[in-house]
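**Student:** I'd like to ask some things about the structure below.
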Amino acid sequence: MTGDNATVSGVAQRYASALFELANEQGSVDAVLGDLGRFGALLKDSEDLVRLVRSPVYSAEDQLRAVTVVLERAGIGGLAGNFVKLAARNRRLFAVAGMIAGFRALVAQARGEVTAAVSVAEPISDARLEDIKSALREIAGKDVQVDLTVDPALIGGLVVRLGDRMIDTSLRTKLTAMQLAMKEVR
């Protein structure tokens, strides 16, 4: 399994790097970033699209036709649209989520930003998100982009991953620690 993940991340990184170089040359990094963000949101929201992207059952032509329709309906064109279509043509659509993440990371690196993965138990307000960004900015010493996900399994609190650091203040983790402590007492 590890080899498969390495292959996917290698493919994703190569595609992301090529797209970043091209977008940078054309001065369209922000437009591509926005379009890829919209496509990534579609992937998160649609199980059917995820199935299309990940399933080896569909031919490259089937994937290309379906993705073309999705892109047109979402208003995603230009470089980002052509990029997703190229991934479909080359049977690399399964790695498109990694490609989007790789592109975001390259943009953040070029801008001197850091990305933090933040998981919360329930949706948070914009003011709370700004508080989190501000705290992370102080820790990192530079601008921080937040990749926010909602994970009800956390029960409460949050989990933050910033580079190689992880802060876990989730209620789930605290309850697990209490369970372990209670077992040791017996």
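**Student:** Select the helices (runs of 4 or more DSSP H) contained entirely in the range 8-99, then report the ones holding at least 1 residues which are closer than 24 Å to Leu148 by Cα and acidic (Asp, Glu).
**Tutor:** In the range 8-99, 29-45, 47-54 are the helices (runs of 4 or more DSSP H) which contain 1 or more residues that are closer than 24 Å to Leu148 by Cα and acidic (Asp, Glu).
**Student:** Please verify whether the range 116-134 includes one or more residues that are loosely packed, with under 12 Cβ neighbours inside 10 Å, charged (D, E, K, R) and outside any helix (DSSP H, G or I).
**Tutor:** Scanning the range 116-134 turns up at least one residue that is loosely packed, with under 12 Cβ neighbours inside 10 Å, charged (D, E, K, R) and outside any helix (DSSP H, G or I).
**Student:** From Gly163, Gly156, Gly141, Gly102, which residue is more than 21 Å from the chain's Cα centre (by Cα), within 25 Å of Lys44 (Cα to Cα) and not charged (D, E, K, R)?
**Tutor:** Unique residue meeting the criteria: Gly156.
**Student:** Oh, and also: List the pairs whose first member sits in the range 13-25 and is on the phi < 0 side of the Ramachandran plot, whose second member is not in a helix (DSSP H, G or I), and whose Cβ atoms are under 9 Å apart, counting only residues at least 6 apart or on separate chains?
**Tutor:** Tyr15/Asn90; Tyr15/Arg92; Leu22/Ser28
**Student:** Can I ask one more? Sort through Leu49, Leu93, Leu42, Leu36 and tell me the only one that's over 30 Å from Ile132 (Cβ atoms), surrounded by 15 or more Cβ atoms within 10 Å (Cβ to Cβ) and not assigned by TED's automatic domain parsing to the domain that holds Val146.
**Tutor:** Of Leu49, Leu93, Leu42, Leu36, the one residue that is over 30 Å from Ile132 (Cβ atoms), surrounded by 15 or more Cβ atoms within 10 Å (Cβ to Cβ) and not assigned by TED's automatic domain parsing to the domain that holds Val146 is Leu93.
**Student:** Residues in the range 4-20: is at least one over 15 Å from Leu93 (Cβ atoms), surrounded by 15 or more Cβ atoms within 10 Å (Cβ to Cβ) and at pLDDT 95 or above?
**Tutor:** Checked against the condition, which is being over 15 Å from Leu93 (Cβ atoms), surrounded by 15 or more Cβ atoms within 10 Å (Cβ to Cβ) and at pLDDT 95 or above, the range 4-20 yields at least one hit.
**Student:** Now a separate question. For a quick check of your reading of the model, give me the residue pairs whose first member lies in the range 32-52 and is free of Cβ contacts under 8 Å to residues at least 60 places away in the same chain and within 14 Å of Met99 (Cβ to Cβ), whose second is aliphatic (A, V, I, L, M) and surrounded by 14 or more Cβ atoms within 10 Å (Cβ to Cβ), with beta-carbon atoms closer than 7 Å and at least 6 apart or on different chains.
**Tutor:** Correct list of pairs: Asp35/Ile76; Asp35/Ala80; Leu43/Leu49; Leu43/Val50; Leu43/Val53; Leu43/Ala97.
The values are calculated or read from the model by the stated rules, or taken from the named source; none is laboratory data. Quick caveat: nothing in here was measured; it's all calculated off a predicted structure. Note: ideal-geometry Cβ built from the backbone for every residue, glycine included; neighbour counts use all protein chains shown.
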